[in-house]
Structures are given as structure tokens and as C-alpha cells.
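Report on the following structure.
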Amino acid sequence: MQKRSDPMKPYLAVLYDSFLESVRSRVLWILLGSWVLILLALFPLSLRSGESYRIARYNFVNNGAKTVMDALADASGGKGSRAQRAIYPKLSEDFRTVLKQRKENGRRISVGTLTDEFNRLLSSKDLYNEEAWPTAVRRKELKEIIDKENRSEAETEKLNRKLLELAFPNALSSSGGQATAITYLGITLGSPLPMPIDLVRNLAERAVFPLIMRYGLGLAALLISIVITSPMIPDMFQTGSLHLLLSKPLSRSLLFLTKFLGGCIFVALNMSFLISGLYVYSGIQLGIWNNGILWYIPLFIFIFIVYYSVSALAGLIWKNPIICVVVTALFWGICMAVGTIHFFFDINLNINPQTKQIYAFRDTVVTANQQGRILFWNGEDRTWNTAYGDGGGQQILGPVWIDSTKSLYFGRTEMIPFGFGGRGPVSLEAARLPDLVDPDDKTYQSKPWADGRLDSVGEMPSSPIQVVPWRNTLAVLNDDGLFVFDPSINVFDEKQLPGIGSVLKSFGLGTKNIVSAFKPVLTGLELLKPFDLNVSPTSQTFVAISKGELRIWRQKDDRLELMGSLTLEMDKDAATVIGCNDEYVLVCPNGEQPIVVEIQSQKVVRTLEEMGQCSVKQVRVDSTGGFAILDRERKVWVSDRQLAKIRMPSLPGQSNALAIGFDSADQLWVAHTVKQADRWDLKEGKSTRSIRPKLTTLEYAFHYFVHPFYFVNPKPAAVNETIDYMLENPKNKSLALDRRDLEMPTEKSDPWQPLWSNAIFIVVMLAISCWLLYRQDL
């Protein structure tokens with residue numbers, strides 16, 4: 001009896017032959033050899049955790065480098081503080097000479113020269129003396145080092161860094177001492193990164209790995225794969241090849257798909273070797289065992305199949321491997337052009353204009369967006385009007401309304417991510433708006449958002465991080481404490497120039513900042529990053545958290561008195577957002593469950609398990625003490641003053657929220673969906689006012705033309721979103737060294753949508769290829 005032959009055996013033979021054809025290719029072995037060399041060269045590169053107090057350029061804040069050099073130049077003449085005069089003799093002779101020249105003729109000194117000199121001072125064994133730094137021994141961490149007879153190099157470096165910070169307050173930022181060194185063959189490359197190793201690993205997983213996958217593998221390896229596999233389909237049509245295959249009862253479609261699958265298997269084996277090697281390297285040398293790296297293998301093959309389906313179709317039509325590569329490159333260029341146009345519209349219409357702060361007083365709604373712009377809602381035209389100039393990408397502090405002056409106050413500061421803060425002095429600006437309170441006031445004839453309404457009313461305390469309401473005025477919070485603004489003080493002290501002061505001022509030459517408009521209420525907090533501060537709506541309670549230590553102050557006889565402190569069980573290096581009323585403090589460590597602390601007992605009473613492990617963006621408290629919380633997933637949570645019951649209202653803007661804020665009537669304003677906003681009545685559970693701006697011409701073009709075309713167009717590059725999602729370690733927190741980093745813009749997207757749209761494109765291209773193959777006369 002004759003055995004029945006396996007119908008799939010011929011196709012398996014074709015698949016096997018395709019694979020052998022690839023294996024015999026010299027290019028394959030050159031490629032594998034290249035991967036081996038790359039992995040061998042990469043393997044000695046590793047991370048090492050350590051402690052470092054070295055100074056970098058960005059550690060000088062508020063134009064601090066100039067301030068330090070001017071102070072040292074004065075110290076060369078015997079002026080300045082005792083600490084500054086004590087530092088001067090310890091400087092190198094060459095640097096002292098340069099400082100004297102700076103004092104005599106204003107010679108310029110580079111920041112790099114100052115940085116190098118200070119880093120040399122860090123190793124000095126005799127920098128400290130009690131007379132110059134009398135307060136140093138009062139600090140517990142420094143006293144322990146000072147009392148030691150034999151200090152280690154790390155302890156000496158730490159002590160001297162803190163002494164320099166005390167000598168130049170508000171010019172040299174504080175250091176937590178944690179650092180991560182990048183080493184190669186055990187040799188440290190450059191200066192250590194001023195962040196803990198876990199955060200560096202987080203940064204690598206969220207930023208470096210996706211970059212490598214996108215451009216190192218997504219472009220270079222993809223191009224190589226297309227070039228190597230491009231001859232496979234055209235070779236089917238060589239004289240005798242296809243006729244020999246079709247001499248047996250084989251399906252043309254299955255034959256084509258088998259050859260197509262052979263090319264895919266070849267690329268899969270090739271890339272599996274490289275990516276598996278990268279996975280092992282990152283785990284052993286970097287301590288990052290991210291399974292998302294392995295998931296990149298099928299995702300890379302998927303992207304390759306998208307392009308290879310185009311190459312295969314071109315091979316059927318022109319039967320030339322060079323044309324296959326050229327057509328695939330053109331396809332890539334078209335997809336890239338469409339994606340770039342969509343990205344340009346998206347970044348300028350959906351990311352940069354996102355609302356960052358929302359503030360409502362009386363019937364006026366004001367927002368600040370990611371571009372650093374102050375915007376007023378114009379209900380008549382249904383538009384947001386930009387007020388008081390273009391912020392130029394700065395961060396808005398405030399705004400806060402002061403009724404006594406009928407003005408809206410705010411500041412603009414640079415926003416540098418990862419906790420490095422901003423540079424340069426920050427002015428407090430006042431927008432004069434008396435007509436919003438009294439319609440009969442005709443002081444100004446212009447619109448409320450006209451630039452002519454803006455005044456600069458003085459310089460804020462150094463490195464401000466928040467501007468908050470304080471009784472009938474406002475307060476500025478920074479790493480040193482709390483400073484209350486007195487709107488009645490004129491920062492131009494004309495008594496300094498009797499008789500001509502008013503004349504000089506009229507020409508813009510008055511002496512500025514002779515008198516400070518800010519009264520220090522609480523200073524000397526010595527907060528280490530990451531930290532946050534907040535004030536209760538009644539201004540009776542002031543709280544601060546730094547390195548997991550929560551401190552609480554209460555108002556007493558027109559001053560703040562420390563009630564006590566509490567060390568919380570949380571990640572001490574987590575960026576944290578806090579909010580409080582006069583009974584409870586809400587502490588929200590990044591990536592952890594929010595913690596509720598009772599102020600009177602100074603004990604943790606519960607964690608908000610309902611919110612899970614989350615990253616909180618904003619906490620707002622109304623006049624009754626009720627809380628509103630916005631997380632980075634754009635969800636809004638509300639609770640009573642005891643934080644006993646927390647819920648997520650189902651109202652317009654929920655799950656798309658960008659900023660929240662209570663108005664004077666304790667109605668919660670929620671900014672959402674880029675530029676929209678709603679006023680929530682939490683008692684009635686409904687929206688009582690909606691702001692829906694009309695579409696601009698560009699927005700109209702994006703929503704009705706660009707985005708629909710992008711949606712139906714094949715977009716293999718969009719699979720990068722899926723790759724980023726797979727690389728994202730659930731245990732990692734959002735990249736944040738500072739509470740301000742948590743307010744960086746985010747974009748909601750579906751990571752799986754690119755797979756479905758591109759899968760449909762692959763099916764269509766393969767179907768066309770099979771149909772075309774049947775129509776050809778072979």
C-alpha cells in the first residue's frame with residue numbers, strides 16, 4: 001500500500017532552502033561577527049553606586065557663580081563674611097591672583113575655573129575653623145564629622161561641600177551626596193552623576209533603552225535586514241527556479257508566503273542573538289533585568305514584516321532586489337514624513353498648550369500652560385487670550401489674587417528637569433485688574449490681558465518653588481523657608497537718593513531692590529532634595545517634607561512654632577507632593593500610596609489604598625479643609641477634611657484632567673483635554689460651568705485632516721510607543737528628582753493601537769502580492 005505524502009512537505013522544503021540560502025550569505029556572518037564585537041566592547045561598561053559632593057556648573061543657582069566670584073574678590077581685600085575670608089587663603093595662588101585682578105579691573109573668570117577650584121578645595125583637610133563657621137557644629141550631620149580626628153576622604157569632601165554652601169547661601173545648591181559613576185574596565189568616566197543608582201537605572205530604562213531600540217536597532221538593524229532579505233522574492237523568478245517549484249501541485253500563494261516566512265525567520269534568529277546579548281549585558285553589568293528588552297524581539301520582527309511586505313510586493317512587480325530596497329526606502333520616507341507632520345501638529349496643539357495651573361477669581365478664569373503663558377478666558381470670543389508677554393517655555397509660579405491691591409501676582413522661572421532647578425533671579429509680577437472688581441473703575445481702558453497692565457514689584461527670594469495665598473497677601477516658598485509679601489512696600493527706596501530719587505525713577509534709573517517686599521517668617525530649614533512645602537488655607541499650619549522627614553509648624557503670636565517632626569516609612573529619595581489643612585497632612589511620595597498624617601498626634605492614621613501606588617501631580621485644599629488630588633494618570637480624586645472617604649467623581653474632564661484649583665466659593669475647577677475646563681460642584685455632583693474654546697485653523701486642520709490621514713496611514717514607527725510601553729518597568733516611578741518634575745506634560749495613548757493598524761496593512765499587502773502572483777504569466 002502506497003504511503004500518502006505530507007502536503008506540507010514541499011513548503012517546508014522551500015522554507016528550509018530559503019533559510020540555507022540566507023545562512024550561506026557572507027553578509028550574515030559579517031553581521032553576526034559585528035554583533036559579537038559590539039557586545040564585547042559594551043560589556044566592560046557598568047554603573048557603580050557611590051557618594052560624591054563634587055560641584056558641577058549647574059550647582060550654581062540664581063547667577064550664583066558671579067555672586068561667588070564677586071564675594072571672593074571682595075574677600076581678597078578683607079571684606080565679606082568670616083567664612084568667605086577663611087576660604088580665600090585656601091585657594092590656589094593663581095586663582096587668588098585672578099580674583100585680585102577681578103576686583104581691580106573686572107577681569108572675567110570662567111565658571112569652569114571656579115568649579116575646578118572649589119572641587120580642589122573639597123579635599124582640603126583644614127578648611128574648617130570654628131570662628132568662621134560658628135553654626136556648623138549645631139548641625140548634627142556636620143558635628144559628627146567635625147568631632148572626628150581622622151576623617152575619611154568622603155567625610156572631608158562632605159564637610160567642605162557643606163561649608164562652601166554655608167559660606168555662599170542661595171548661590172550654591174545643596175547636595176544630598178548620592179552619586180552614580182559610569183565606569184569602563186573599572187575606570188570612572190567623567191564626573192559621577194548626582195543621583196542614586198536606582199534613579200539612573202530608571203532613567204536608562206525610560207530614556208536610554210528606548211533611544212537605543214529606536215535608532216540603534218530600529219533604523220540600522222532594520223535597514224541591514226531589509227537589504228539582506230531583498231533578493232529572496234526576486235530570486236524566485238530566476239530562470240528555472242519558479243518553474244521547478246510549480247512543477248509540483250503547489251499553491252502559488254502558499255509558496256510566496258513560505259518564502260516570505262523564510263526571510264522573517266532568518267531576521268528573527270539574527271536579532272534574537274543580538275537582543276538576548278543586550279538583555280544579559282544590562283542585567284549583569286547594569287543591574288537592569290528588564291523583560292521588555294526580550295519583548296523587543298517580536299516587536300522588531302513585526303516592524304520588519306511591515307517593511308518586508310512592501311519589499312516583497314516590489315520584488316513581485318520588478319523582480320529586482322535593488323528596486324526592492326529603493327521602494328522600501330521610499331515607503332519609509334513617506335511614513336516618516338506623515339509621522340513628522342503629525343508629531344509637529346501634536347506637540348504644538350496637544351502637548352505644549354496643555355494647562356498647567358488653573359485659577360478662578362470672581363467670574364474670571366486664568367490658566368498657565370506648559371509654554372509659560374498666562375491665559376485669560378474670553379467668553380465672548382470663546383478663546384484663550386495670551387496675557388503679559390510670551391513666557392518662552394518658563395514655569396509659572398502662582399498666580400495669586402490680592403484683593404487689597406486688586407492685582408494678580410505671579411512669577412516666571414526657568415524649568416530645568418530632574419530637580420536641577422532654575423537659574424537667575426525671579427521677579428514678582430503684578431497684573432493690575434481693578435476693573436474686574438469694580439466695573440466702574442476706568443483706570444485702564446485696555447483689555448485685562450493687555451501687556452500694559454503688568455508691573456514688576458520686586459525680586460523674589462532665591463530659588464522659589466511655589467507662590468501660595470497667605471491670609472490677605474501671598475507667600476513664597478523655597479528651600480530655605482517661608483517669605484511673606486508685603487504689597488504696601490515700595491521696592492524703590494527714594495530716601496537713598498534725596499532730591500533726585502523720583503527723577504531717576506521716572507527714567508527707569510531708580511535704585512531697585514534697596515528694600516525687600518518680602519518678610520522672612522520661617523528660615524533656616526536646611527531642606528535636602530527632594531522636598532516640598534505647603535501652607536493650609538487658613539495659613540495657620542505650615543508643613544515641609546525632606547528625605548522622608550515631615551515637619552509641622554503652627555501659627556503662634558504672629559510667628560510659626562515647630563510642633564514636631566515625624567519620619568515616614570517611604571522612599572527617602574522619592575519626589576513628594578504634600579498638602580494640608582489644620583488637622584491632617586497628605587503626603588504623596590512618587591509611585592507609592594499616599595499617606596495621611598494627623599497633625600495633633602503626629603501619627604500616620606491611614607494610607608489611601610483606594611488610589612493604589614500612584615504619582616500625584618497636584619494637591620489642592622478648599623477653605624473648609626476638603627482635599628482634591630490630581631494624579632499623573634489624569635484622574636481627579638476628592639475627599640473630606642479627614643481624608644476618611646475618597647472618591648473619583650464621574651464628571652466632565654475626569655481621566656483627562658491636567659490641572660485643578662478651588663475658587664473662592666469652594667467650587668473645583670478642572671482643566672482638561674488640552675485647553676478645556678469645567679467647574680465642578682462637588683456637593684451637587686455636576687458641572688456648573690464649561691469652557692470649550694473654538695477650534696483654531698490649525699486645530700481644525702489637525703482634527704479633520706492630518707489626524708484622520710495619519711490614523712489610516714501605515715505607521716510602523718508608531719510601534720515605538722508599544723516598545724516604550726513594554727520597556728516600562730512597573731516597579732519604576734516616573735522620572736522625577738523634584739516635585740516640579742511631576743508636573744511635566746504627559747500624553748495619553750493606546751500602546752496597542754499601532755499593532756492593529758499595521759497588522760491590517762500587512763494583511764492587505766500580502767493579499768495584493770498573492771493576487772498579483774496569480775495574475776502573472778509564469
Read phi for every residue in segment 682-689 and hand back ³J(HN,Hα) as whole Hz from Karplus 6.51 cos²θ - 1.76 cosθ + 1.60, θ = phi - 60°, with x for Gly and Pro.
6, 6, 7, x, 8, 8, 9, 7
Along the charge dipole of segment 74-204, which of Gln101, Thr156, Leu127 sits closest to the positive end, that is, farthest toward it, with unit charges on the beta carbon of Lys, Arg, Asp and Glu (+1, +1, -1, -1)?
Gln101
Charge dipole (the chain, unit charges on Cβ, about Cα centre) - positive-most of Gly389, Ile599, Thr340
Thr340
Do any chymotrypsin sites (Phe, Trp or Tyr not before Pro) in segment 734-766 lie in a loop, going by DSSP, with at most 12 other beta-carbon atoms within 10 Å of their beta carbon, and if so which?
Trp752
Using protein chains only and a probe of 1.4 angstrom, how many square angstrom of Thr624 are accessible, to the nearest 10?
80 Å²
Among Val535, Ser463, Leu428, flag the residue with its Cα farthest along the positive direction of the charge dipole of the chain, charges on Cβ as +1 for Lys/Arg and -1 for Asp/Glu.
Ser463
Placed amide H near Leu550: partners under 5 Å, 5+ positions off or other chain:
Leu566, Thr567, Leu568
Search the structure for amide H atoms under 5 Å from the amide H of Ile599, placed 1.01 Å from N in the peptide plane, and list their residues when 5 or more places away or on another chain.
Tyr584, Val585
Suppose each label sits 7 Å from its Cα in the direction of the beta carbon; what would the Met336-Arg48 distance come out to in nanometres?
4.0 nm
Relative to the longest principal Cα axis of the chain, at what angle does helix 753-775 sit, 0 to 90 degrees, rounded to 10?
20 degrees
Normalised contact order of segment 206-357, rounded percent, pairs of Cα under 8 Å and 6 or more residues apart:
28 percent
Heads up, I need the accessible area for His672: 1.4 angstrom probe, whole protein in place, Å², nearest 10.
10 Å²
Leaving ligands, DNA and RNA out of it, work out the accessible area of Arg641 with a 1.4 Å probe and give it in Å² to the nearest 10.
80 Å²
Among Ile265, Ile341, Ile322, Ile145, what's the order by accessible area (1.4 angstrom probe), most exposed first?
Ile322, Ile341, Ile265, Ile145
At 7 Å along the Cα-to-beta-carbon direction for both Lys686 and Gln776, put a label point, then send me their distance in nm to one decimal.
6.8 nm
Ordering Arg775, Arg214 by the accessible surface of their heavy atoms, 1.4 Å probe, largest first, yields Arg775, Arg214
Heavy-atom accessible area with a 1.4 angstrom probe orders Phe43, Phe485, most exposed first, as Phe43, Phe485
How much length is gained if the chain between Ser650 and Phe273 is pulled fully straight, taking 0.36 nm per residue apart and subtracting their Cα-Cα distance, in nm to one decimal?
130.8 nm
Taking a ≥ b ≥ c as the square roots of the Cα gyration tensor eigenvalues, with a/c under 1.5 meaning rounded and otherwise prolate when a/b beats b/c or oblate if not, segment 245-349 comes out oblate
Sequence gap at least 6, Cα distance under 8 Å: using those rules, report the relative contact order of the chain to the nearest whole percent.
11 percent
Rolling a 1.4 angstrom probe over the protein heavy atoms, how many square angstrom per residue are accessible across the chain?
48 Å²
Please report the spacing between the Cα centers of segment 162-217 and segment 93-127 in Å, no decimals.
26 Å
Determine the dipole magnitude for the chain: charges of +1 sit on the beta-carbon of Lys and Arg, -1 on that of Asp and Glu, nothing else is charged, the reference point is the Cα centre, and the result goes in debye to the nearest 20.
1480 debye
Sulfur and carbon atoms: percent of accessible area, the chain [1.4 Å]:
56 percent
Based on the Cβ-Cβ distance from Ala759 to Lys79, what FRET efficiency comes out when R0 is 51 Å, to the nearest 0.05?
0.10
Rounded to whole Hz, the Karplus (6.51, -1.76, 1.60) HN-Hα couplings of segment 292-305, x for glycine and proline:
x, 5, 5, 5, 5, 4, x, 5, 5, 4, 4, 4, 4, 4
Testing the spin-label approximation: label points 7 Å from Cα along Cα→Cβ at Val36 and Asp438. State their distance in nm.
8.7 nm
Mean residue ellipticity at 222 nm from the helices of the chain, using -39,500 (n - 2.57) per DSSP H segment of n ≥ 4 over the full residue count, to the nearest 500 deg cm²/dmol?
-10500 deg cm²/dmol
Say the cut-off is 28 Å between C-alpha atoms; which of Lys645/Lys686; Lys406/Lys529; Lys406/Lys519 go over it?
Lys406/Lys529
By the gyration tensor of its Cα atoms, with a ≥ b ≥ c the square roots of the eigenvalues, what is the shape of the chain: rounded for a/c under 1.5, prolate for a/b over b/c, or oblate?
prolate
Report, in debye and to the nearest 20, how large the dipole of segment 551-619 comes out about its Cα centre when Lys and Arg carry +1 and Asp and Glu carry -1 on their Cβ.
140 debye
Taking a threshold of 21 Å on the Cα-Cα distance, which of the pairs Lys66/Lys103; Lys356/Lys635; Lys547/Lys635; Lys356/Lys603 fall above it?
Lys547/Lys635; Lys356/Lys603
Taking Lys and Arg as +1 and Asp and Glu as -1, residues besides Arg362 with C-beta under 12 Å from its C-beta add up to -4
Taking Cα atoms, how many degrees apart are the long axis of helix 321-346 and the longest axis of the chain, rounded to 10 and kept between 0 and 90?
30 degrees
Would you grab the residues whose amide H sits under 5 Å from the one on Leu527? Only those 5+ places off in sequence or on another chain, please, with H modelled 1.01 Å from N.
none
Output wanted: per-residue J couplings in Hz (rounded whole) for segment 627-640, from phi through Karplus 6.51 cos²θ - 1.76 cosθ + 1.60, θ = phi - 60°, x for Gly and Pro.
9, 10, 10, 10, 9, 6, 7, 6, 9, 10, 10, 10, 8, 6
Compute the distance from the alpha-carbon center of segment 38-54 to that of segment 524-543, in whole Å.
37 Å
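The values are calculated or read from the model by the stated rules, or taken from the named source; none is laboratory data. From a predicted model like this one, the values you see are computed outputs, not experimental measurements. No Cβ is skipped: glycine too gets one built from the backbone with ideal geometry, and neighbour counts run over all protein chains shown. The accessibility values were calculated without ligands, DNA or RNA, using every heavy atom of the protein model including side chains. Shrake-Rupley method; radii C 1.70, N 1.55, O 1.52, S 1.80 Å.
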